[in-house]
Structures are given as structure tokens and as C-alpha cells.
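Participant: Handing you this structure, nothing more for now.
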Amino acid sequence: MAAAQPQSVQTRSAHPAQTDVVVVGAGFSGLYLLHKLRGLGLTVKVFEQGGDVGGTWYWNRYPGARCDVESMQYSFSFDDDLQQSWDWSERYAPQPEILSYASHVAERYDLRRDITFNTRVESADFDEHSNRWTVKISDSASIVAQHVVLATGCLSNARSPDFKGLKDFKGKVYHTGSWPHEPVDFTGLRVGVIGTGSSAIQSIPLIAEQAEQLTVFQRTANFSVPARNAKLTDAERQKFRDNYAEIRRVAREEMKNGIYQPVPDRGALDDPEDTRREKYQARWTSGGLTFMGVYNNLGLDLSANDTAAGFIRDKIAAIVEDPETARLLQPNSHPVGTKRICVDTDYYATFNRPNVKLVDIKTHPIEEILPHAVRSGGKDYEMDALVLATGFDAMTGSVAKIDIRGRHGQALNDKWAEGPRTYLGLMSAGFPNLFIITGPGSPSVLSNMLVSIEQHVDWITDCLASMRKRGAGTIEATRAAEDKWVDHVNEVASATLYPQANSWYMGANVPGKPRIFMPYIGGVGVYRKICDEVAAKGYEGFEMGAGAASNATAIAS
Ligand code: N01
């Protein structure tokens with residue numbers, strides 16, 4: 001039977017429009033979810049703040065933006081025709097190509113007709129009598145839904161630090177996470193980049209080629225490995241296509257991070273030093289994130305980790321000509337990999353250019369921004385333009401911007417005041433029928449996001465189908481299951497080196513944010529098994545209630 005068409009959203013009415021599911025966000029999660037929910041015969045309304053699909057790839061248009069997971073793997077697997085027919089041009093696709101892919105997906109499955117763009121979801125209130133959510137959107141309209149799914153993305157809430165004087169700066173100020181749609185030309189300008197995370201490390205080499213003078217303000221040096229990006233040949237694409245079924249299976253079920261790659265069978269200290277260096281050199285030469293997969297204990301054992309960290313520090317010293325700049329660029333404050341390792345093209349070599357300067361703002365923090373300069377350590381660095389590569393209020397930031405009220409009017413922000421609490425990263429107790437895609441407590445940002453997105457979307461749609469079959473109107477995580485899961489997430493994280501870094505994984509980049517290791521570090525294979533077992537045991541740890549009947553006209557069996 002054909003799905004019922006959703007009514008249009010109604011403004012200022014006593015009888016708001018109804019839908020089965022409201023989805024917040026039209027990035028990769030929202031797109032795939034819409035496609036799958038339609039397959040269940042549910043009515044769906046997607047609200048997206050941006051002007052088009054793509055999520056993080058819609059906003060992050062800074063020079064050099066590209067994925068750090070190889071595109072043949074950073075892509076949907078749910079439709080073999082799609083993965084066989086899309087031609088990725090490079091090993092790591094640049095942002096415009098990833099955005100074209102998102103647009104292609106939207107067209108191929110006719111998704112845009114159920115997406116309302118340029119629209120923010122302001123609040124969502126759960127009514128315990130009707131078991132429905134009332135979702136308020138930015139133009140003062142409301143819609144009533146049985147389910148709400150937050151497909152809001154983990155790195156979508158760009159964060160600008162509150163530098164004294166920033167608003168009085170006379171030049172242009174850009175944030176890498178909300179870059180303009182029109183090209184930015186830095187030719188002839190003195191440009192300052194604040195931050196040295198992945199976004200900065202990708203953009204600095206390209207900005208340096210244009211700008212007259214580039215000053216990089218670094219608080220924490222980061223580990224970066226070469227991407228070795230290159231055009232993909234037909235033969236390379238074909239190799240994936242011929243083996244996609246197995247590659248995707250292994251990535252989903254056997255890999256910790258959802259990326260198909262060789263699995264290490266030993267720890268770093270099991271090899272003699274010369275063998276170890278050869279292995280690190282081989283990964284450095286082939287490039288990419290798999291550098292951290294040389295050994296199986298780099299994230300667990302500090303002595304093992306030191307060997308990899310030392311190798312990268314030596315590389316920096318060999319590439320960067322000025323010894324003081326090299327010293328500042330060598331990370332010493334955290335084990336390698338405990339902040340997301342960066343993947344670059346010519347980042348360290350860029351500091352050999354005569355027009356590039358590194359300023360250490362750890363020792364001399366930025367005191368203030370003047371109308372034409374940045375003041376640090378009592379010195380004024382004259383600037384025509386500023387780039388804030390200062391990251392995101394990650395994982396919870398976009399959720400927190402929505403005023404979400406569950407049972408007894410409890411605000412999700414209050415419940416999460418000491419850090420996010422979820423069961424499986426999918427639901428939070430007291431908030432029935434509210435799902436989160438790749439939420440805190442799931443592998444999410446520690447994985448190939450496309451793998452984790454597909455897994456969550458599949459799990460949620462299976463769950464909704466199961467509810468309808470049982471005649472259940474509500475589903476909610478139990479407090480006991482949530483407490484146990486939160487403990488487990490913390491326990492697994494504390495057995496690793498990750499909590500040692502002041503990373504955005506820990507919320508440490510946002511002043512006042514609780515320090516909790518937010519993603520689940522047990523690995524996507526293990527996590528998938530747990531989620532599947534929970535479903536197989538009749539959604540153990542969740543309670544289903546009778547609730548009210550749905551608006552749906554048909555459910556796929
Ligand atoms: O943000 P970040 P990002 N004063 O938080 C500095 C993904 N991503 O946008 O480390 C001075 O990593 C901050 O310093 P510190 C990827 O998962 C992927 O670069 O807090 N400096 C840091 O240097 C990545 O991890 C790709 O001391 C301040 C920088 O700003 C995530 O997004 C590309 C400051 C922020 O680094 C975030 O990356 C890009 C202050 N007040 C991003 N506040 C791919 O390759 C912050 N900083 C796919």
C-alpha cells in the first residue's frame with residue numbers, strides 16, 4: 001500500500017499537522033532514515049537548518065575540506081546499484097564531491113519532497129496523555145509526531161571562542177565549520193588561523209598558497225599523518241566494486257572503526273625497534289588514518305603509544321627546517337590518537353614557506369583581538385582576515401540547542417547537565433519515542449560515520465516495524481538499562497589512553513562542558529552485536545507501551 005502523504009506543516013493553528021516521524025537534519029543520517037522510513041509506509045517530515053542536504057558537508061566548505069576515510073568506504077552500502085554506479089574521483093573525495101553525492105542520493109530516492117530546508121527545530125515536547133511529540137519549528141509552526149529522530153550530526157555546531165574584541169575586528173572573520181558558499185580569496189591578505197585541529201591542518205597549506213602572510217595560532221600541537229591523496233584509477237575502483245559485499249561485511253562486523261583494513265596481530269613492543277620503524281614507515285608512505293592500526297595496543301599502552309608518537313615527532317623534525325618551529329609543532333601533551341589523528345597534505349612542510357609563521361598561544365594565550373591585529377604575549381600580529389578553526393560543541397551541541405522536554409516536562413539539557421546519558425546511544429530514559437542517530441554512548445565519531453549511520457538507521461527502522469507489529473505505541477529506555485550502559489561506556493573508555501587527552505571526545509574544548517568520554521570505544525563490530533542481541537531479546541532494556549495508534553497506513557512486514 002502506498003504511504004500516506006504528510007499534511008503540510010500548519011502555522012498558528014489550534015490543530016497542528018500530524019506525522020508519524022519528525023527527523024531533525026538532512027545529512028547522511030537524515031537522508032537514509034527518510035528513505036528507510038518511507039519503506040515502512042510511515043509519514044515523515046524532515047527539517048533541515050541548511051539550504052540543502054549534506055549536513056556537515058553542507059557547512060564545512062573551507063579550502064582543503066575532504067574526508068579522512070577513503071571515499072570507496074565513506075559512502076552508503078545499502079543499495080548495491082548506488083555503490084556500483086557512483087564514481088569517486090579521488091582516494092579522499094573533496095567536500096564539493098561529497099556534497100554532490102549527498103545531492104545525488106536525495107535525487108535518486110526522491111527525498112527532497114519531504115524535507116523542509118532553512119528551518120530550525122526549536123523545541124520538542126512530549127505529551128504523556130496522547131504519547132505524541134509537539135515539535136516547534138523556526139517559523140512558529142508546529143507539527144505533532146509519534147516519533148522524533150535527532151539526525152543532527154556530531155560535528156555540526158561550530159564553536160567560536162569568546163575572544164575579547166573579536167566583534168570589533170575590522171577584517172573578515174570566517175569559521176571553518178560555517179564557511180561561505182561563495183569563494184573566499186585571500187590573495188594579498190595577512191591571514192590568521194586560530195586552531196590546529198583537522199580543519200586547520202587541511203586548510204592551512206591552501207590558505208598559505210594564497211595569502212601574503214599566514215600566521216597560525218597554535219594552542220595544542222596535533223599529530224598528523226600524510227593523506228597521500230591521489231586520483232582513483234578505474235582498476236582501483238573496480239577492485240572495491242568486485243569485492244564490495246565482503247569489504248562492507250568485514251568493515252561492519254569485524255573492524256573496531258568500521259574501516260576495512262589489515263588487522264594487527266601484535267603489540268608495538270612485540271617487535272624490535274628496526275622492524276617497528278619499518279612498519280611505521282610503510283604506513284607513513286601509504287598514508288591515511290590506518291597509521292594507528294599498525295599495532296593492536298597503541299590506544300591501550302602508553303609505552304607502545306610512545307613508539308608511534310616518537311616516530312611522528314621525528315618526521316616533524318625532519319620536515320620542518322626551523323628547529324624552534326619544529327619543536328612547537330611536535331605534540332607532547334597527549335598520546336597519539338587520543339585526539340583524532342589528522343590526515344594532511346603538506347601540513348608540516350607549509351611551515352617552511354617564508355610567508356608562514358607559527359605562534360605559540362599555549363605559552364602566550366591570545367589576550368585580545370584588536371580592530372586590525374591579534375594580541376598575544378604582548379605582541380600585535382597585524383591581520384586583514386581571521387579564520388577560526390576552533391571546532392565544534394561536539395556530539396551534544398546540536399541536541400542541546402533544541403529545547404527537548406520528556407516525561408514530567410523534564411528538559412534533556414537538565415538530565416544531561418553532568419554529561420549525556422543514553423542507552424546504547426540511541427535513547428535516553430524519560431524521553432519515549434525519541435531516538436538519536438550516532439548519539440553519545442555509541443561508536444559514532446570513533447568510526448567510519450557511514451557505517452555507524454547505516455547501523456543506527458537500520459536498527460531504528462527495524463524497531464519501529466517491530467513496535468507496529470506488536471501494536472506498541474511507545475518505546476523507552478529503562479533507567480536501569482541506561483545506568484548499566486553508561487557505566488559500561490565509561491569502563492571501556494577508562495581501560496584506554498583516550499581519557500588522557502583534553503579532546504572534544506571528552507567535551508574538554510568547551511569551557512564548562514562536563515568531562516565525560518562521550519563515544520563508545522568498544523568498536524562497531526562488538527556494538528552491532530550488542531544492539532542486535534538487544535533486539536533479538538525483544539528489545540531488552542526498553543519498555544514498550546500500548547500508546548496511541550499510529551498515523552501510518554501500512555507497515556512492511
Ligand atoms: O576542530 P578541533 P576541527 N583558543 O576541535 C583550538 C572532524 N573533521 O574542526 O586543542 C585557542 O579538532 C583547539 O586547541 P586545543 C574530525 O573528527 C574531520 O579541526 O583545544 N585555540 C584546536 O587546535 C575532527 O577531529 C575532517 O588546545 C582554541 C582547534 O582550535 C573534528 O572534525 C576535517 C580555542 C580545534 O580543533 C573537529 O576538527 C575536519 C581557544 N579558545 C574536521 N578553542 C576530515 O578530515 C579551540 N581552539 C574528515
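The values are calculated or read from the model by the stated rules, or taken from the named source; none is laboratory data. Note that the structure is predicted; figures quoted are calculated from it, not measured. Neighbour counts are summed over all protein chains in view; Cβ atoms, including those assigned to glycine, are modelled from backbone coordinates with ideal geometry. What goes into the accessible areas is simple: the full protein's heavy atoms, side chains included, and nothing from ligands, DNA or RNA. Shrake-Rupley method; radii C 1.70, N 1.55, O 1.52, S 1.80 Å.
Participant: Would you say V216 is under 22 Å from R340 (Cα atoms), within 28 Å of the chain's Cα centre (by Cα), more than 7 Å from the ligand (Cβ to nearest atom) and not hydroxyl-bearing (S, T, Y)?
Facilitator: Judged against the criteria, V216 is a match.
Participant: What single numbered condition from (1) under 18 Å from A546 (Cβ atoms); (2) open to solvent by less than 10 Å² (accessible area, probe 1.4 Å) fails to hold for T461?
Facilitator: In the conditions (1) under 18 Å from A546 (Cβ atoms); (2) open to solvent by less than 10 Å² (accessible area, probe 1.4 Å), T461 misses (1) alone.
Participant: Scan segment 155-168 and tell me whether some residue there is of a type outside the set (V, I, T), away from the ligand (no atom under 16 Å from the Cβ) and in contact (Cβ under 8 Å) with a residue 60 or more places away in the chain.
Facilitator: Kept after step one, since they are of a type outside the set (V, I, T), are these residues of segment 155-168: 155-168.
Retained after the next criterion (residues that are away from the ligand (no atom under 16 Å from the Cβ)): 168.
Applying the additional criterion that residues be in contact (Cβ under 8 Å) with a residue 60 or more places away in the chain yields 168.
So far as segment 155-168 goes, yes, one or more of its residues are of a type outside the set (V, I, T), away from the ligand (no atom under 16 Å from the Cβ) and in contact (Cβ under 8 Å) with a residue 60 or more places away in the chain.
Participant: With the checklist (1) more than 16 Å from the ligand (Cβ to nearest atom); (2) open to solvent by less than 30 Å² (accessible area, probe 1.4 Å); (3) in contact with a Leu (Cβ under 9 Å, 6 or more places away or on another chain) in hand, flag the one item R468 doesn't pass.
Facilitator: Only one criterion is unmet by R468, namely (2).
Participant: Residues of segment 499-527 being more than 15 Å from the ligand (Cβ to nearest atom) and either within 15 Å of T220 (Cβ to Cβ) or open to solvent by less than 30 Å² (accessible area, probe 1.4 Å) (or both), which ones?
Facilitator: Y520, G522, G523, V524, G525, Y527
Participant: Looking at Q210, Q202, which is the one that is open to solvent by 20 Å² or more (accessible area, probe 1.4 Å) and within 13 Å of the ligand (Cβ to nearest atom)?
Facilitator: Only one candidate passes the filter, namely Q202.
Participant: What's the number of the condition R108 fails, among (1) at pLDDT 95 or above; (2) more than 16 Å from the ligand (Cβ to nearest atom); (3) open to solvent by less than 40 Å² (accessible area, probe 1.4 Å)?
Facilitator: That leaves (3) as the condition not met.
Participant: Starting from residues that are among the small types (G, A, S) and more than 16 Å from the chain's Cα centre (by Cα), keep the ones in segment 61-86 and report whichever is nearest to the ligand (Cβ to nearest atom).
Facilitator: G64
Participant: Quick check on segment 528-547. Is at least one of its residues surrounded by 15 or more Cβ atoms within 10 Å (Cβ to Cβ) and at pLDDT below 95?
Facilitator: yes
Participant: Now, a different point. Has segment 277-298 got at least one residue that is farther than 30 Å from A349 by Cβ and out of contact with any Lys or Arg (no Cβ under 8 Å at 6 or more places or on another chain)?
Facilitator: Yes, segment 277-298 contains a residue that is farther than 30 Å from A349 by Cβ and out of contact with any Lys or Arg (no Cβ under 8 Å at 6 or more places or on another chain).
Participant: Now a separate question. Being in contact (Cβ under 8 Å) with a residue 12 or more places away in the chain, within 28 Å of W86 (Cα to Cα), touching a strand residue (DSSP E or B) at 6+ places or on another chain (Cβ under 9 Å) and more than 16 Å from the ligand (Cβ to nearest atom) is the requirement here; does F186 meet it?
Facilitator: Details: in contact (Cβ under 8 Å) with a residue 12 or more places away in the chain: yes; within 28 Å of W86 (Cα to Cα): no; touching a strand residue (DSSP E or B) at 6+ places or on another chain (Cβ under 9 Å): yes; more than 16 Å from the ligand (Cβ to nearest atom): yes.
Criteria not met by F186.
Participant: Given (1) part of a loop (DSSP other than H, G, I, E, B); (2) open to solvent by less than 10 Å² (accessible area, probe 1.4 Å); (3) over 18 Å from C531 (Cβ atoms), where does A493 come up short, assuming only one miss?
Facilitator: Exception for A493: condition (1).
Participant: Among the residues of segment 164-192 satisfying the criterion of being under 18 Å from E368 (Cβ atoms) and not charged (D, E, K, R), which is least open to solvent (accessible area, probe 1.4 Å)? Please lay out each step first, then the result.
Facilitator: Taking segment 164-192 as the starting set, the residues that turn out to be under 18 Å from E368 (Cβ atoms) are 164-171, 173, 190, 192.
Filter again for not charged (D, E, K, R), leaving 165-166, 169, 171, 173, 192.
Numbers: G165: 20, L166: 34, F169: 17, G171: 23, V173: 63, G192: 0 Å².
The qualifying residue least open to solvent (accessible area, probe 1.4 Å) is G192.
Participant: While we're looking at this one, here's another question. Among the residues of segment 113-158, how many are of a type in the set (A, V, I, L, M, F, W, C), in contact with a helix residue (DSSP H, G or I) (Cβ under 6 Å, 6 or more places away or on another chain) and open to solvent by 20 Å² or more (accessible area, probe 1.4 Å)?
Facilitator: So the answer is 2.
Participant: Still on this structure, please answer the following. Inspect segment 352-361 for any residue being in contact (Cβ under 8 Å) with a residue 40 or more places away in the chain, of a type in the set (A, V, I, L, M) and closer than 30 Å to V492 by Cα and give the result as yes or no.
Facilitator: Step one: of segment 352-361, the residues in contact (Cβ under 8 Å) with a residue 40 or more places away in the chain are 353, 355-361.
Now narrow it down to the ones that are of a type in the set (A, V, I, L, M): 356, 358-359, 361.
Checking which are closer than 30 Å to V492 by Cα leaves us with none.
The answer is no; no qualifying residue exists.
Participant: Right, next: Report the residue count in segment 380-426 for those that are of a type in the set (A, V, I, L, M, F, W, C), part of a strand (DSSP E or B) and more than 16 Å from the ligand (Cβ to nearest atom).
Facilitator: 3
Participant: OK, next. With under 23 Å from T338 (Cβ atoms) and not in a loop (DSSP other than H, G, I, E, B) as the only criterion, which of V457, V486 stands out?
Facilitator: Only one candidate passes the filter, namely V486.
Participant: Just to check your reading of the model, which residue among D393, D414, D344, D403 is under 28 Å from the mean Cα position of the chain (by Cα) and open to solvent by 70 Å² or more (accessible area, probe 1.4 Å)? Talk me through it step by step, then tell me what you get.
Facilitator: Working: D393 fails: open to solvent by 70 Å² or more (accessible area, probe 1.4 Å); D344 fails: open to solvent by 70 Å² or more (accessible area, probe 1.4 Å); D403 fails: open to solvent by 70 Å² or more (accessible area, probe 1.4 Å).
The match here is D414.
Participant: Taking G439, is it within 19 Å of G541 (Cβ to Cβ), touching a helix residue (DSSP H, G or I) at 6+ places or on another chain (Cβ under 9 Å) and buried (at least 22 other Cβ atoms within 10 Å of the Cβ)?
Facilitator: yes
Participant: Output the residues belonging to segment 285-320 that are in a helix (DSSP H, G or I), of a type in the set (A, V, I, L, M, F, W, C) and under 27 Å from the mean Cα position of the chain (by Cα).
Facilitator: Across segment 285-320, the qualifying residues are L289, F291, M292, L302, A308, A309, I312.
Participant: Would you please name the residue that is surrounded by the most Cβ atoms within 10 Å (Cβ to Cβ), looking only at residues in segment 219-233 that are among the aliphatic types (A, V, I, L, M) and away from the ligand (no atom under 13 Å from the Cβ)?
Facilitator: L232
Participant: A further question follows. Yes or no: segment 464-472 includes at least one residue that is polar (S, T, N, Q) and closer than 19 Å to V22 by Cβ.
Facilitator: no
Participant: Would you be able to say whether some residue in segment 364-379 is buried (at least 19 other Cβ atoms within 10 Å of the Cβ), touching a residue at least 60 places away in the same chain (Cβ under 8 Å) and part of a loop (DSSP other than H, G, I, E, B)?
Facilitator: No: segment 364-379 contains no residue that is buried (at least 19 other Cβ atoms within 10 Å of the Cβ), touching a residue at least 60 places away in the same chain (Cβ under 8 Å) and part of a loop (DSSP other than H, G, I, E, B).
Participant: Follow-up. So which residues in segment 285-308 are surrounded by fewer than 18 Cβ atoms within 10 Å (Cβ to Cβ) and either farther than 29 Å from Y74 by Cβ or in contact (Cβ under 8 Å) with a residue 40 or more places away in the chain (or both), if there are any at all?
Facilitator: Listed by number, the residues that qualify are T285, S286, L300, L302, S303, D306.
Participant: Taking interchain pairs and intrachain pairs at least six residues apart, which have beta carbon atoms under 8 angstrom, with the first residue in segment 218-231 and on the phi > 0 side of the Ramachandran plot and the second in a loop (DSSP other than H, G, I, E, B)?
Facilitator: If the second residue must be in a loop (DSSP other than H, G, I, E, B), the pairs left are R228/R91; R228/G287; R228/G288.
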